[in-house]
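Worksheet for the structure shown next.
A short reminder: the numbers here are calculations on the coordinates, not readings from a lab. All figures in this text were calculated on a predicted structure; none of them were measured in a lab. Note that we place each Cβ from the backbone using ideal geometry, even for glycine, and neighbour counts take in every protein chain shown.
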Amino acid sequence: AVFVILAFVVGGLKHRFEVEQVALRKARDYCATMSRHASGPIIEWNMAGRISMFNQTMEELTGFRSENMIGRPVENLFPEAVRDEMVTMFRRMSEEDFDDSLEAPIRGADGREIVCLWNSANLYGPDGKTCVATMAFGQDITKVRETERALRRSEQQYRTMVEYSNDLIWTMDCTGRFNFLNRRAQEATGHPQDELCGKICETLVEAKDAPKLKQVYNESLAGRPQTFDVSVRAANGQIIDLLVNTAPVYDGDQVTGTVSFGMDVTERRQAEQAKASLQTQLCQSHKMEAVGRLAGGIAHQLNNLLTVVLGYSDYALT
């Protein structure tokens, strides 16, 4: 009876063990299938640092075949320039529960660099304490990083053009306050950016131009670019005449401020005023005559005074 009972118990335990083994194999096969066909790249390596699983997405991403990668050191996946650093980081994944995402490049079969964001999980033995392997789950962010680099290059080019432009360039928010002035604008006005940022633009504008400037600014905020003349007073008291193009700045469909490009036309205005003054003086003079000869409606001879009066000469008479 004892042997019968013992055989029954042993048989029951054996059956239970076999059932558990079958369930374990099914679970393992299920996990392997899921890992193999997951949409993201997955790689597993053992405590010796050798690859024990290389899923299908990793094959497609890198161009390496899993049968050629299984058993090889995981460090072979990293570009040589960063290999030592990446090996150290991946070793940390195996030595501790690494909760943070890790950005690390891997190399493709064709030598190109692929940037991935990795999360990892350690796999433990039957005692639940001994780490036997590490599984890393990746996300290809190569295009994201390339886009970010392109944006940084574009931003750097934009900043360089703005900073070294011969035009005075400044931006204002929706309240009409400065939030940026380029190098040329700071030099021309004698006011550093830190001094003007946060101040309303009327602080620099001549009083006669303030009403016009307000109207122009409102038109710009309404989405209509503007071109206008304005006079500003520099820190040293000098008056600077500007020809300005102003356009709205958008964030999506919302106007968030304006950007202005000002050309210094002070010398041109002064020359035009001097010329106009000279023409007026000459026209009012009774001691000199403007003489010319016309034939068939075509001017054949004009003396110096007449060319100045008519605006065809930039030379003053002595």
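Determine ³J(HN,Hα), in whole Hz, for all residues of the stretch 188-202 in sequence, where each value follows from phi through the Karplus function 6.51 cos²θ - 1.76 cosθ + 1.60 and θ = phi - 60°; x replaces Gly and Pro. Using θ = phi - 60°, the values come out as 5, 8, x, 10, x, 4, 4, 6, 9, 4, x, 9, 6, 5, 4 Hz. Spin-label pair E148-T160: with each label point 7 Å from Cα along the Cα-Cβ axis, the two points sit 2.2 nm from one another. Amide H contacts under 5 Å for T256: V249, Y250, D251, restricted to partners 5 or more places along the chain or on a different chain, H placed in the peptide plane at 1.01 Å from N. A straight chain from R72 to E267 at 0.36 nm per residue would run longer than the Cα-Cα distance by 62.8 nm.
Computed from backbone phi with θ = phi - 60° and the Karplus coefficients 6.51, -1.76 and 1.60, the 3J(HN,Hα) list for the stretch 239-256 is 8, 10, 8, 10, 9, 10, 10, 10, 9, x, 10, 10, 10, x, 9, 9, 6, 10 Hz; x is used for glycine and proline. Relative contact order of the stretch 70-145: 24 percent, from C-alpha pairs under 8 Å at least 6 residues apart in sequence. Taking only the C-alpha atoms of the stretch 52-172, the Rg (one decimal) and the largest Cα-Cα distance, Dmax (whole number), read 20.3, 73 Å. Near the amide H of C116, under 5 Å away, which other amide H atoms are found, from residues 5 or more places off or on another chain, if H is placed in the peptide plane? For C116, the qualifying residues are A104, I106, I141.
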